[in-house]
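Undergrad: Quick one: this structure, given as structure tokens, is what I'll be asking you about.
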Amino acid sequence: MPPKFLHVVWVAPLLLTSCTPAFYSTVGQNVPLFHNKGEVVVNGGLMSAGSTSEAFVPTEIPNPGVAFQTAVAIDSNVALFANYYHVDSEGDWNVNANYFEVGGGLFTYNPVSHFAAELFAGIGYGAIDNEATYETIDAKFMKYFLQPSIGFSGRVVEAAFTPRLGVVDYLSNTASYRDDVRNYFNEMATTFVFEPGITLRVGFKNFKAQYQMNYSTFQSDQLTEFDAVMKYYGSISFFAAIGRQWSR
């Protein structure tokens, strides 16, 4: 039986360009690929999110934010998780964004084939404050999601596909004098999203490099001057597995 361990990942998170406000952003996915009861996962570091696919290469995008993820296998097939994302960027638009989510679900692992699968569900809360010289636009939203993952979890390579489904529900907003901004929040008040993601880890048993990318179908045709939906996400991570066994 594989030993219990603690996973530590330095993830690459919410990287928003400051030339445009942000009304919604996709974020990373917590995909621990647990093997056994007692395993703990902790992630922290930098990521990128943007309105174009350039966000898939976080090292080429300035003004990174921070992300923290943690998960624990509380039973042989049951896990809980929590994630937090924050960005504070300055420019034509000053963007301050915070997003927090919690959830849990089931996992399974086959030590012979190294097949891993997870089915998580969760809820997230986001608050984004945008400020320009003559304009302020704020938004608060909830996201309810179902996050299945299938993958391979070996000693050297781990890979997973996560077709995440969710519903974004705006709680409130401070719309400016712009008609397109008000129309945006009216149109997208409650929106179904499909956010598929890929996670890849390569390295040694206890140390791996991780790359993650995902895409969101969240999109609006109401905004005429700027694209304030950050639907692309990319991260480059350092992955470390540190032995730890706190339950049997």
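The values are calculated or read from the model by the stated rules, or taken from the named source; none is laboratory data. Keep in mind it's a predicted model, so treat the numbers as computed, not measured. Here the Cβ positions follow ideal geometry from the backbone for every residue, glycine too, while neighbour counts run over all protein chains shown. Surface accessibility is based on the protein's heavy atoms, side chains included, excluding ligands, DNA and RNA. Shrake-Rupley method; radii C 1.70, N 1.55, O 1.52, S 1.80 Å.
Undergrad: Per 0.36 nm of contour for each residue apart, how much would the distance between Val102 and Asp227 grow if the chain were fully extended, relative to their Cα-Cα spacing?
TA: Full extension from Val102 to Asp227 adds 42.2 nm.
Undergrad: Okay, moving on. Expressed in nm to one decimal, what extension gain is obtained for the pair Leu171 and Glu54 from 0.36 nm per residue of sequence separation less their Cα-Cα distance?
TA: 39.1 nm is the gain from fully extending Leu171 to Glu54.
Undergrad: Grab the other residues whose beta carbon is less than 15 angstrom from that of Asn83, score K and R as +1, D and E as -1, and report the net.
TA: Here the count lands on -1.
Undergrad: Separate question: Could you pull the accessible area for Val112 with a 1.4 Å probe, rounded to 10 Å²?
TA: About 130 Å², ignoring ligands and nucleic acids.
Undergrad: Among Asp88, Asp75, Asp129, which one moves the most in a GNM of the chain with springs linking Cα atoms closer than 10 Å?
TA: Among Asp88, Asp75, Asp129, the largest mean-square fluctuation in the Gaussian network model of the chain belongs to Asp75.
Undergrad: If the limit is 32 Å between Cα atoms, which of Lys208/Lys231; Lys37/Lys143; Lys37/Lys231; Lys37/Lys208 go over it?
TA: Check vs 32 Å cut-off fails for Lys37/Lys231.
Undergrad: Considering Cα pairs under 8 angstrom that are at least six residues apart, work out the relative contact order of the stretch 16-119 and quote it in whole percent.
TA: Over the stretch 16-119, the number comes to 29 percent.
Undergrad: Which of the aspartates and glutamates could a cross-linker span from Lys205 if the Cα-Cα distance has to be under 18 Å and same-chain partners fewer than 8 positions apart are dropped?
TA: Candidates past the 8-residue exclusion: Glu39, Glu158.
Undergrad: Express the relative contact order of the chain as a whole percentage, based on alpha carbon pairs under 8 Å and six or more residues apart in sequence.
TA: 24
Undergrad: Only sites in a loop by DSSP and with at most 15 other Cβ atoms within 10 Å count here; which trypsin sites (Lys or Arg not before Pro) in the stretch 139-209 make the cut?
TA: Arg155, Arg178, Lys205
Undergrad: I would also like to ask the following. Carbon and sulfur atoms: what percent of the 1.4 Å accessible area of the chain do they account for?
TA: 61
Undergrad: Taking the stretch 105-204, which GluC sites (Glu not before Pro) meet the DSSP loop condition and have no more than 14 other C-beta atoms within 10 Å?
TA: Glu135
Undergrad: Just need the relative contact order of the stretch 104-146 here, percent rounded to a whole number, with Cα pairs under 8 Å and 6+ apart.
TA: 33
Undergrad: Which value, in debye to the nearest 20, describes the size of the charge dipole of the chain about its Cα centre when Lys and Arg Cβ atoms bear +1, Asp and Glu Cβ atoms bear -1, and nothing else is charged?
TA: Here the chain has a charge dipole of around 1580 debye.
Undergrad: Whole Å is fine, so just give me how far the alpha carbon centre of the stretch 167-241 lies from that of the stretch 70-110.
TA: After rounding, the separation between the Cα centres reads 14 Å.
Undergrad: Next question. Considering the options His86, Tyr24, Gln69, tell which one lies farthest towards the positive end of the dipole of the stretch 20-154, charges being +1 on Lys and Arg and -1 on Asp and Glu at the Cβ, about the Cα centre.
TA: After comparing all options, I get Gln69.
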